[in-house]
1. Please work out the average accessible area per residue across the chain, using the 1.4 Å probe convention, and give it in Å².
2. Please list 3J(HN,Hα) in residue order for the stretch 218-223, calculated via the Karplus relation 6.51 cos²θ - 1.76 cosθ + 1.60 where θ = phi - 60°; whole Hz, with x for glycine and proline.
3. Taking the Cβ of Gly355 as the center, what net charge do the other residues with Cβ under 11 Å away carry, scoring Lys and Arg +1 and Asp and Glu -1?
4. Hey, got the Cα dimensions of the chain along the principal axes, in Å, largest first?
5. Of the chymotrypsin sites (Phe, Trp or Tyr not before Pro) in the stretch 89-175, which ones lie in a loop per DSSP and count no more than 16 other C-beta atoms within 10 Å?
6. How long are the semi-axes of the ellipsoid equivalent to the stretch 12-120, from square roots of 5 times the Cα gyration tensor eigenvalues, in whole Å, largest first?
7. Given H placed 1.01 Å from N in the peptide plane, which residues other than close sequence neighbours of Gly345 have an amide H under 5 Å from its amide H?
8. Where the only charges are on Cβ atoms (+1 Lys, Arg; -1 Asp, Glu), what is the dipole of the chain about its Cα centre, to the nearest 20 debye?
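The values are calculated or read from the model by the stated rules, or taken from the named source; none is laboratory data. None of the values given here were measured: they were computed from a predicted structure. Note that we place each Cβ from the backbone using ideal geometry, even for glycine, and neighbour counts take in every protein chain shown. Areas reflect the complete protein model, heavy atoms only, side chains present, ligands, DNA and RNA absent. Shrake-Rupley method; radii C 1.70, N 1.55, O 1.52, S 1.80 Å.
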Amino acid sequence: MFIGTMFVYSATMANMPESVPWYDQSWVRQIVWYALGLIAAASVCVVDYHSLARWAMVVCWAPILCLVAVLIPHIGTTHGWGARRWIDLGPFQFQPSEFAKLAFILAAANFLSRPADELRELDIFVKGLGMMLLPFLLIMKEPDLGSALVLVPTCVVMMVVAGTPKSYLIKIGAAVGILGALLLADILFAPPALQIKMQEYQRQRLLVYFGVNFVDPNATPAEKAKARRLQFDKSYQVNQALISVGSGGLLGKGWCQGDQTALGFLPPGAAHNDFIFSVIAEEEGFVGSLVVLTLYAVILFTGLRIAGQARDRLGKLVAVGVVTLLFSHVFINIGMNIRIVPVTGIPLPLLSYGGSSVLCSLIALGLMQNVYIHRRGY
């Protein structure tokens with residue numbers, strides 16, 4: 001959280017208008033969210049996770065209803081690229097998909113913590129998948145591909161730990177793999193008339209990631225020039241993020257000394273959230289990046305240790321779900337900063353600016369701590 005405050009400040013202050021009062025600046029808002037998140041995490045620790053699990057379905061359906069509400073015009077709000085992901089509550093915007101991930105972990109842990117014999121039944125497996133598919137489809141509808149995708153590994157890992165038969169998971173994995181391969185083939189090679197319908201910006205991000213040339217050799221000179229401009233625009237963010245990471249060298253340029261951020265090459269609207277890792281890498285270099293990765297490793301391995309010490313399957317599944325969710329966020333966000341995964345709008349836990357993300361990350365850690373606190377109670 002200390003590092004997050006430092007680099008949200010660094011990423012925003014270089015281009016902050018002087019007219020913005022100090023209390024309305026992003027780094028101050030981030031501190032407020034940290035404080036509220038710590039209070040929420042401490043509150044979660046007070047109540048035994050078994051008592052929380054009894055309310056799992058209520059906890060699960062509340063975000064589902066919010067995910068439905070966010071799709072309704074005049075309730076859900078959109079940003080420049082047309083994604084309808086937020087509910088405007090005046091002083092801040094609430095993102096239901098972040099809370100839906102937490103609710104899913106608690107509900108799935110409660111559902112899967114049943115006798116091993118029941119987990120072998122096909123209908124139990126199908127119901128478990130259904131618990132993941134409902135929020136997955138609603139989040140995809142927004143659309144928010146990154147937030148939807150992190151539900152998949154979280155669900156699969158929790159099922160594996162619970163004891164779901166591997167044959168079920170292998171068949172589902174094979175089916176998903178085939179569908180994914182067909183989808184990529186459709187995006188990369190199918191003519192426009194036969195392509196599966198999806199958001200154009202999502203298709204363009206995948207084309208940029210796979211290095212597909214936007215320019216049609218048979219197009220007119222004007223169409224080729226337009227395609228080159230579009231390809232430049234769509235690859236601009238990830239190229240600038242790579243430059244930021246690479247230019248940091250071993251020790252970086254120093255806090256608040258990053259040229260990419262100060263000169264606006266790394267887009268100001270994304271530098272303090274989706275691309276916060278690029279800011280850290282430029283200003284603190286390889287060493288600073290390694291410190292961040294080490295801190296995440298400490299959190300994740302501590303979570304695995306808590307899962308191993310849990311007194312029952314419910315606690316183990318809650319801890320494993322939180323660890324998998326956090327790992328997925330870290331892997332995807334840092335991966336898109338260094339171009340090993342396509343760009344998706346997914347925050348880096350505890351570092352990226354954003355109230356919903358900070359609150360949910362700290363509540364998730366509170367759930368994990370809850371399992372540790374009550375590991376010996378009976």
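1. Ligands and nucleic acids excluded, the figure is 49 Å² per residue.
2. Each residue of the stretch 218-223 in turn: 8, 6, 6, x, 5, 5 Hz.
3. Local net charge: 0.
4. Principal axes ranked by extent give 69, 52, 45 Å for the Cα atoms.
5. Here the sparse-neighbourhood loop sites are Phe92.
6. Values: eigenvalues 240, 80, 24 Å².
Equivalent ellipsoid of the stretch 12-120: 35, 20, 11 Å, largest first.
7. Gly146
8. On the way: 27 positive and 22 negative charges, 161 e Å.
The dipole magnitude comes to about 780 debye.
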